[in-house]
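Participant: Take this structure, written in structure tokens, and hold onto it; I'll ask about it next.
The values are calculated or read from the model by the stated rules, or taken from the named source; none is laboratory data. What you see is a predicted model, and the numbers here were worked out from it, not measured in a lab. With ideal geometry, Cβ positions are generated from the backbone for all residues, glycine too; neighbour counts draw on all protein chains shown.
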Amino acid sequence: MTEASDDSVLVTINGNVEQLTTATTVDALVALWCPSPRGVAVAVDGEVIPRSLWPSTQIVPGAVIEIVTAAAGG
Amino acid sequence: MSAPSTAGDPFVIGGVTLDSRLIMGTGGMTSHDALRDALVASETAMATVAVRRVDPSTRHSLVDLLDGLGVRILPNTAGCFTAADAVLTARLAREAFATDWVKLEVIGDDRTLLPDPVELIDAADQLVADGFTVLPYCGDDPIVAKRLEQVGCAAVMPLGSPIGSGLGIRNPHNIELIVEQAGVPVVLDAGIGTASDACLALELGCDAVLVASAVTRAVDPELMATAMRHAVVAGRSARRAGRITRRFHAEASSSFEGLATGPGVSTAQRAETAGEPVDPSSR
């Protein structure tokens, strides 16, 4: 793992360690990762974050984040 | 649009009326367009989706496709081996798709993909308590089906045979036992290989079938979707019509009475050969 700069945040997103350049919210992270927030859900450290709380939920260093959507399946 | 195939014979799960007894899976298709064509041909009212990590390279949205077709989304917990994983996946699905319906799948091993009944009942119990409408994929064990109904599942979905095997309904008697005792809809899930399997499920008394691979991996998925649509309508009609009793020997549907005879054979002799009562005066 690389040494993080002062205001960067190291987190795990969908199984990969990612370095966020600045402190951010779930809302901003979804905007970065998904073309549309429709059909998307987010869990942080195993807890589902309700959509209404995305803008106010800060991503903290070390967070384990899952961003999921629909995939083909039986 | 024409009247739904369920007109006059509604199919209801958890208080919601579905206009088709064919529930479609979306996995295994080669392209987004082929999936759309098959869904349209099936005239399904509900289709399953899996919940997976976002792939930024994916161009097509499955949610948009299903919404556009007016097909209800039934998220599944495919790939989960524990109750804990299945509960988390169901909660993610509820947040993602704004539905509290879930096809609950908790499998016991990745070779057979058979359900783990202990984890399944535990997960069902937790999700029902959390307000979910739970449709559990289960084995064809009537006792497990009964337990799932007792914890509050809105339907039970026994397998005909292992997922994707196309082996049809291996234990029709167990399916009939599940149907006979069930107070909730029974949906035959998994194992269907072709239209006659789906038809048989409805003839046995299942309320619906869930079909994925049999359509999506067919040589012509759109045509197989059409076949499945007809199969569930035929099977349901046959069930409601009431089949005849099975007989060991033949029973003619044409009476022997009034049959013209050739020289040397009397009507009485012919009737006697056929086992029919003979008027002694005609000998």
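Participant: Can we say B:Val134 is buried (at least 24 other Cβ atoms within 10 Å of the Cβ) and within 13 Å of chain A (Cβ to nearest Cβ)? Steps first, please.
Facilitator: Values: buried (at least 24 other Cβ atoms within 10 Å of the Cβ): yes; within 13 Å of chain A (Cβ to nearest Cβ): no.
No, not satisfied.
Participant: Select from segment B:93-111 the residues that are of a type outside the set (A, V, I, L, M) and in a strand (DSSP E or B) and write down the one among them that is surrounded by the fewest Cβ atoms within 10 Å (Cβ to Cβ).
Facilitator: To start, the set of residues in segment B:93-111 that are of a type outside the set (A, V, I, L, M) comprises B:94-95, B:97, B:99-101, B:103, B:105, B:108-111.
From the residues that got through so far, the ones that are in a strand (DSSP E or B) too are B:101, B:103.
Values: B:Trp101: 22, B:Lys103: 28.
Here the residue is B:Trp101.
Participant: Right, another one. Do we find a residue being away from chain A (no Cβ under 13 Å), surrounded by 23 or more Cβ atoms within 10 Å (Cβ to Cβ) and within 22 Å of the chain's Cα centre (by Cα) anywhere in segment B:116-128?
Facilitator: Looking for residues that are away from chain A (no Cβ under 13 Å), surrounded by 23 or more Cβ atoms within 10 Å (Cβ to Cβ) and within 22 Å of the chain's Cα centre (by Cα), one finds at least one in segment B:116-128, hence yes.
Participant: Please tell me if B:Gly68 is without any contact (Cβ under 8 Å) to a residue 12 or more places away in the chain, within 30 Å of A:Leu32 (Cα to Cα) and more than 7 Å from chain A (Cβ to nearest Cβ).
Facilitator: Criteria met by B:Gly68.
Participant: Please give the strands (runs of 3 or more DSSP E) falling wholly within segment B:121-228 in which 1 or more residues are under 14 Å from B:Leu22 (Cβ atoms). Outline the logic, then answer.
Facilitator: On the way: elements: B:133-138, B:187-189, B:208-211.
Hits in segment B:121-228: B:187-189, B:208-211.
Participant: Let me ask something additional. Among strands (runs of 3 or more DSSP E) lying entirely in chain A, which contain 1 or more residues that are over 30 Å from B:Gly25 (Cα atoms), away from every other protein chain (no Cβ under 14 Å) and out of contact with any helix residue (DSSP H, G or I) (no Cβ under 9 Å at 6 or more places or on another chain)? Can you show your working first?
Facilitator: Details: elements: A:9-13, A:16-20, A:41-44, A:64-72.
It comes to A:9-13, A:16-20.
Yes/no matrix, rows are residues, columns are (1) more than 11 Å from every other protein chain (Cβ to nearest Cβ); (2) over 20 Å from B:Pro185 (Cα atoms); (3) among the aliphatic types (A, V, I, L, M); (4) surrounded by fewer than 18 Cβ atoms within 10 Å (Cβ to Cβ):
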{"site": "B:His32", "(1), (2), (3), (4)": "no, yes, no, yes"}
{"site": "B:Val54", "(1), (2), (3), (4)": "no, yes, yes, no"}
{"site": "B:Leu62", "(1), (2), (3), (4)": "no, yes, yes, no"}
{"site": "B:Phe81", "(1), (2), (3), (4)": "yes, yes, no, yes"}
{"site": "B:Ala90", "(1), (2), (3), (4)": "no, yes, yes, no"}
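Participant: Identify, from the list B:Val232, B:Val209, B:Val179, B:Val186, the residue that is under 15 Å from the mean Cα position of the chain (by Cα), under 16 Å from B:Phe11 (Cα atoms) and surrounded by fewer than 23 Cβ atoms within 10 Å (Cβ to Cβ). Reasoning before the result, please.
Facilitator: Values: B:Val232 fails: surrounded by fewer than 23 Cβ atoms within 10 Å (Cβ to Cβ); B:Val209 fails: surrounded by fewer than 23 Cβ atoms within 10 Å (Cβ to Cβ); B:Val186 fails: surrounded by fewer than 23 Cβ atoms within 10 Å (Cβ to Cβ).
Only one candidate passes the filter, namely B:Val179.
Participant: Only one of (1) over 25 Å from B:Asp122 (Cβ atoms); (2) more than 13 Å from chain A (Cβ to nearest Cβ); (3) modelled with pLDDT of 95 or more fails for B:Ala38. Which number is that?
Facilitator: Failed condition: (2).
Participant: Restrict the check to segment B:167-187 and report whether at least one residue is over 20 Å from B:Val49 (Cβ atoms) and within 14 Å of chain A (Cβ to nearest Cβ).
Facilitator: Step one: filter segment B:167-187 for residues over 20 Å from B:Val49 (Cβ atoms), giving B:167-186.
If we keep only those that are within 14 Å of chain A (Cβ to nearest Cβ) as well, we get none.
No, there is no match, as no residue in segment B:167-187 is over 20 Å from B:Val49 (Cβ atoms) and within 14 Å of chain A (Cβ to nearest Cβ).
Participant: Going by the conditions given, is B:Ala250 over 21 Å from B:Glu43 (Cβ atoms), surrounded by fewer than 21 Cβ atoms within 10 Å (Cβ to Cβ) and modelled with pLDDT under 95?
Facilitator: Details: over 21 Å from B:Glu43 (Cβ atoms): yes; surrounded by fewer than 21 Cβ atoms within 10 Å (Cβ to Cβ): yes; modelled with pLDDT under 95: yes.
Yes, satisfied.
Participant: Same structure, new question: Just for strands (runs of 3 or more DSSP E) wholly inside segment B:1-84: which have at least 3 residues that are of a type in the set (A, V, I, L, M, F, W, C) and under 21 Å from the mean Cα position of the chain (by Cα)?
Facilitator: Correct list: B:11-13, B:22-24, B:46-53.
Participant: Residues being polar (S, T, N, Q) and at pLDDT below 95: count how many of those fall in segment B:57-88.
Facilitator: Residues meeting the conditions: 3.
Participant: Restricting attention to segment B:92-115, report how many residues are within 14 Å of another protein chain (Cβ to nearest Cβ) and either closer than 20 Å to B:Pro158 by Cβ or free of Cβ contacts under 8 Å to residues at least 24 places away in the same chain (or both). Show your work before the answer.
Facilitator: In the first step, residues of segment B:92-115 are kept if they are within 14 Å of another protein chain (Cβ to nearest Cβ); the result is B:92-105, B:107, B:113, B:115.
Still in the list and also either closer than 20 Å to B:Pro158 by Cβ or free of Cβ contacts under 8 Å to residues at least 24 places away in the same chain (or both): B:95, B:98, B:101-105, B:107, B:113, B:115.
Summing the residues that are within 14 Å of another protein chain (Cβ to nearest Cβ) and either closer than 20 Å to B:Pro158 by Cβ or free of Cβ contacts under 8 Å to residues at least 24 places away in the same chain (or both) in segment B:92-115 gives 10.
Participant: I would also like to ask the following. Against the condition of a type in the set (Asp, Glu), in contact with a Pro (Cβ under 6 Å, 6 or more places away or on another chain) and at pLDDT 95 or above, how does B:Asp130 come out, does it pass?
Facilitator: Details: of a type in the set (Asp, Glu): yes; in contact with a Pro (Cβ under 6 Å, 6 or more places away or on another chain): no; at pLDDT 95 or above: yes.
When the stated conditions are applied, B:Asp130 does not pass them.
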